[in-house]
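K.L.:
First, the structure itself, so that you have it in front of you.
The values are calculated or read from the model by the stated rules, or taken from the named source; none is laboratory data. Predicted model, so just to flag it, every value in this text is computed and none were measured. Positions of Cβ are backbone-derived with ideal geometry, glycine not excepted, and every protein chain shown enters the neighbour counts.
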Amino acid sequence: MWKKDKNTLKQTTKGNYIYMYDHFVKEGFGCTKLKDIRKSDVRRFYNSLLDAKRLKVNTLDSIHTVVHQLFNLAADDLYIRIDPSDGVMGEYKRAHNMDIPKRPALTIPQQEAFIRYTGEIPKYKHWKPLFTFFLGTGCRVSEVVDLRWEDIHMDDGYIDINHNMVYYQRDQGKCYFSISTPKTEAGSRIIPMLPEVRQALLDKKSYQKEVGLVCNADIDGYTDFIFLNRFGNPHNPQTINRTIKRITLSYNEEEMESADREGREAILIPPFSCHNLRHAFCTRYCENETNLKVIQEIMGHKDIATTMEVYAEATKDTKVKSFENLEGKIQIS
């Protein structure tokens with residue numbers, strides 16, 4: 001019943017829900033009769049996932065989303081009186097003082113070091129336009145990997161974000177690319193093109209022409225993608241994250257050696273993923289823009305609370321600096 005009820009969801013979202021159920025709920029706990037389940041059983045189930053499977057809190061949160069929906073449906077249809085999962089996740093987080101960890105933004109020195117190193121090392125140099133695009137637009141990885149040349153309006157100076165591409169499991173455990181519309185209306189947006197982003201796109205086009213790289217992919221009728229692997233296909237997000245890891249590890253190793261020789265403190269880059277690049281752009285934008293509505297629209301945030309959270313975090317240092325500039329200017333003594 002629950003699966004049928006989810007037919008209005010995007011295929012990827014529904015697939016993620018079913019994956020969570022099949023891998024973590026179906027066997028064992030999923031075989032228990034509804035009428036026999038108490039809140040304490042749900043608590044024990046969650047504890048077993050964290051203890052035995054050593055899952056992270058954000059994974060448990062995703063599993064709870066599925067479990068909560070299942071019990072909610074059962075309660076609505078009067079198979080059970082109340083939802084035994086109601087409030088359990090909140091109780092668990094409070095009891096263990098646990099929150100879903102935030103993805104920290106790279107600092108300016110860290111992102112400058114990452115981009116500079118990527119452009120200097122021959123085997124990584126061709127990745128620089130992609131990472132420059134991430135840092136200069138704040139796009140989600142699903143919006144970057146499916147970007148087509150027709151979405152780039154060079155003469156008018158903007159980028160049209162109107163769809164996204166996901167890589168997910170479908171038939172018989174195999175993974176495929178699929179094109180879909182943005183998850184919310186806020187996802188469809190126009191992003192002005194920074195000069196650095198424009199140059200990165202021109203560099204990418206020049207490089208592909210030089211090496212004879214053309215797009216060989218046709219995904220749900222979409223083709224002529226910009227960011228391609230050596231086979232002419234769009235990048236898999238996992239491949240991009242693995243590349244980020246390789247570049248970061250290589251940079252940190254060389255930076256520690258250089259800093260030791262020069263007797264200075266090393267500028268090390270922490271582990272991060274594609275999403276941290278989006279967060280870094282949003283943080284820099286919040287540090288320089290005061291209009292929250294504009295920031296929300298550029299980032300494609302459905303809820304302005306998401307924008308507010310980043311804005312509040314980003315402006316801490318700005319507030320301190322503004323008060324330093326006030327020293328001696330307010331006659332209060």
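K.L.:
All but one of (1) surrounded by fewer than 17 Cβ atoms within 10 Å (Cβ to Cβ); (2) within 26 Å of Gly221 (Cα to Cα) hold for Asp151; state the number of the condition that does not hold.
P.N.:
If we test Asp151 against (1) surrounded by fewer than 17 Cβ atoms within 10 Å (Cβ to Cβ); (2) within 26 Å of Gly221 (Cα to Cα), just (1) comes out false.
K.L.:
Please give the number of the condition Val211 fails out of (1) exposed (fewer than 13 other Cβ atoms within 10 Å of the Cβ); (2) β-branched (Val, Ile, Thr); (3) touching a residue at least 24 places away in the same chain (Cβ under 8 Å).
P.N.:
All conditions are met except number (3).
K.L.:
Among (1) part of a helix (DSSP H, G or I); (2) more than 20 Å from Glu313 (Cβ to Cβ); (3) touching a Phe, Trp or Tyr at 6+ places or on another chain (Cβ under 6 Å), which single condition is Leu135 missing?
P.N.:
Here Leu135 clears every test but (2).
K.L.:
Criterion first (surrounded by 15 or more Cβ atoms within 10 Å (Cβ to Cβ), more than 22 Å from Leu147 (Cβ to Cβ) and modelled with pLDDT of 95 or more) does Tyr311 satisfy it?
P.N.:
In short, no.
K.L.:
Tell me, yes or no, whether region 206-215 has at least one residue that is out of contact with any His (no Cβ under 6 Å at 6 or more places or on another chain), of a type outside the set (S, T, N, Q) and under 30 Å from Lys293 (Cα atoms).
P.N.:
The answer is no, given that none of the residues of region 206-215 is out of contact with any His (no Cβ under 6 Å at 6 or more places or on another chain), of a type outside the set (S, T, N, Q) and under 30 Å from Lys293 (Cα atoms).
K.L.:
Give me the pairs, please: first residue somewhere in region 294-312 and within 13 Å of His279 (Cα to Cα) and assigned by TED's automatic domain parsing to the domain that holds Asn162, second residue anywhere and among the basic types (Lys, Arg) and in a loop (DSSP other than H, G, I, E, B), beta-carbon distance under 7 Å, and either six or more positions apart or on two chains.
P.N.:
Note: no pairs meet the criteria.
Yes/no matrix, rows are residues, columns are (1) touching a Phe, Trp or Tyr at 6+ places or on another chain (Cβ under 6 Å); (2) over 18 Å from Phe131 (Cβ atoms):
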| residue | (1), (2) |
| --- | --- |
| Glu255 | no, no |
| Gly263 | no, yes |
| Pro271 | no, no |
| Leu277 | yes, no |
| Lys293 | no, yes |
| Ile298 | no, yes |
| Ala305 | no, yes |
| Glu309 | no, yes |
| Thr315 | no, yes |
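K.L.:
Determine which member of the set Glu327, Glu287 is outside the structural domain of Gly136 (by TED's automatic domain parsing), modelled with pLDDT under 90 and over 18 Å from the mean Cα position of the chain (by Cα).
P.N.:
Glu327
K.L.:
Now, a different point. Return the total of residues in region 146-175 being touching a Pro at 6+ places or on another chain (Cβ under 7 Å), assigned to a loop (DSSP other than H, G, I, E, B) and modelled with pLDDT of 95 or more.
P.N.:
Of the residues in that region, 1 qualify.
K.L.:
Of (1) under 30 Å from Ala266 (Cβ atoms); (2) modelled with pLDDT of 85 or more; (3) among the small types (Gly, Ala, Ser), Gly87 satisfies all except one. Which?
P.N.:
(1)
K.L.:
Next question, about the same structure. Give just the number: which of (1) surrounded by fewer than 18 Cβ atoms within 10 Å (Cβ to Cβ); (2) within 30 Å of Ala305 (Cβ to Cβ); (3) aromatic (Phe, Trp, Tyr) does Tyr167 not satisfy?
P.N.:
Here Tyr167 meets the rest and fails (1).
Yes/no per residue for (1) exposed (fewer than 14 other Cβ atoms within 10 Å of the Cβ); (2) touching a strand residue (DSSP E or B) at 6+ places or on another chain (Cβ under 7 Å):
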residue	(1), (2)
Ala186	no, no
Ser206	yes, no
Phe225	no, yes
Phe231	yes, no
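K.L.:
Same structure again: How many of the residues in region 239-296 are part of a loop (DSSP other than H, G, I, E, B), crowded, with 16+ Cβ neighbours inside 10 Å and acidic (Asp, Glu)?
P.N.:
Looking only at that region, the number is 0.
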